[in-house]
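To keep things clear, I will list the structure first and then write my remarks on it.
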Amino acid sequence: AIAGVIVVIIYTRRARMLDSMLGGENLLAHWTYSQDEWQKYTEQEFREDKKAKKGLFVMIAVISVIVGILFFVVIRDSGPVVLFTILGIIALMGLVAYTSAMHNYRQNKKYLGEVYISQDGIYLNRQLHTWRGLGARLEKVSYEDKRRTQPILKFEYSAPGRYSRYYYTARVPVPRGEEETAHK
């Protein structure tokens, strides 16, 4: 019951923030994209997302194998249990990495892109990213146009987690003709 009350408060605040963005309050920019621009962004984002998740998956798999070997060396008779547990962890992490990348890709393919950018967060193609409230903060915003088919605004923000801060990145494509607005 206590957790439910806390969740309702958090999501009510997020819903209000989204309503104010969609209502045009304190907007810095509101962009919609042509089919061509959104397709380029979708493919580039999918490649970058897959690359990042593949790196994370490999790191988790290597750590799992090392821990499995240590368990096997220390507790000899638990070999098959450790082997199947490690393989299960690796398979689960692979499935999570694949499905999360595919989910974002499908969402971007399903809906033509639109973004609302405010001082408190962004609403990018049905995903809300906020850096106001509950200890969240905007860490950095950068404009990137090198090594890309189209320029992007990269928003890096963080929020407190259980033991440390969690860091997130949202990449927003800049439509043709809006480069000056993006720099501002």
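Shown for the chain: the carbon plus sulfur share of the solvent-accessible area, taken with all protein chains present and a 1.4 angstrom probe, equals 61%. With protein chains left intact and a 1.4 Å probe, residues in the chain average 66 Å² of accessible area per residue. Under conditions of 20 °C and 1.002 mPa s, region 139-182 yields 183 µm² s⁻¹ as its translational diffusion coefficient, taking Rh as the Kirkwood radius over Cα pairs in the Stokes-Einstein equation. Classification of region 104-155 by its C-alpha gyration tensor yields an oblate form. The axis ratio a/c (a ≥ b ≥ c) is 1.5 or more, and b/c is at least a/b.
Relative to its Kirkwood radius, the Cα radius of gyration of the chain gives an Rg/Rh of 1.07.
Seen from all directions on average, region 84-184 presents a Cα convex hull projection of 8.9 nm². In a simple Cβ point-charge model (Lys, Arg +1; Asp, Glu -1; nothing else charged), region 1-148 has a dipole of about 220 debye relative to its Cα centre.
The Cα atoms of region 38-87 define a convex hull whose projected area, averaged across directions, is 3.7 nm².
Write out the chymotrypsin sites (Phe, Trp or Tyr not before Pro) in region 102-184 meeting two conditions: DSSP loop, and at most 10 other Cβ atoms within 10 Å of their Cβ.
The qualifying sites are TYR163.
Working from the Cα coordinates of region 1-99, the gyration tensor eigenvalues give, after taking √(5λ), semi-axes of 43, 24, 9 Å in decreasing order. Applied to region 134-148, the Karplus parametrisation 6.51 cos²θ - 1.76 cosθ + 1.60 on θ = phi - 60° returns per-residue 3J(HN,Hα) values of 6, x, 6, 7, 7, 8, 6, 10, 9, 9, 10, 9, 8, 6, 9 Hz, with x for Gly and Pro.
The alpha-carbon of LYS51 sits under 21 angstrom from the alpha-carbons of these lysines, leaving out residues fewer than 8 places away in its chain: LYS40, LYS109, LYS146, LYS154.
Give the angle, between 0 and 90 degrees and rounded to the nearest 10, that separates the Cα long axis of helix 79-110 from the longest principal axis of the Cα atoms of the chain. Value to nearest ten degrees: 10. Taking 0.36 nm per residue of sequence separation and removing the Cα-Cα distance, the SER20/ARG162 pair yields an extension gain of 48.2 nm. The trypsin sites (Lys or Arg not before Pro) found in region 54-155 that occupy coil by DSSP, while having at most 13 further C-beta atoms within 10 Å, are ARG126, LYS146, ARG147.
Run down the aspartates and glutamates and flag those whose C-alpha is under 12 Å from the C-alpha of LYS140, throwing out any fewer than 8 positions away in its chain. Cα-Cα hits under 12 Å: GLU156.
The values are calculated or read from the model by the stated rules, or taken from the named source; none is laboratory data. Note that the coordinates shown come from a computational prediction; the quantities given were computed from them, not determined experimentally. Note: ideal-geometry Cβ built from the backbone for every residue, glycine included; neighbour counts use all protein chains shown. Only protein heavy atoms, including side chains, enter the accessible area calculation; ligands, DNA and RNA are left aside. Shrake-Rupley method; radii C 1.70, N 1.55, O 1.52, S 1.80 Å.
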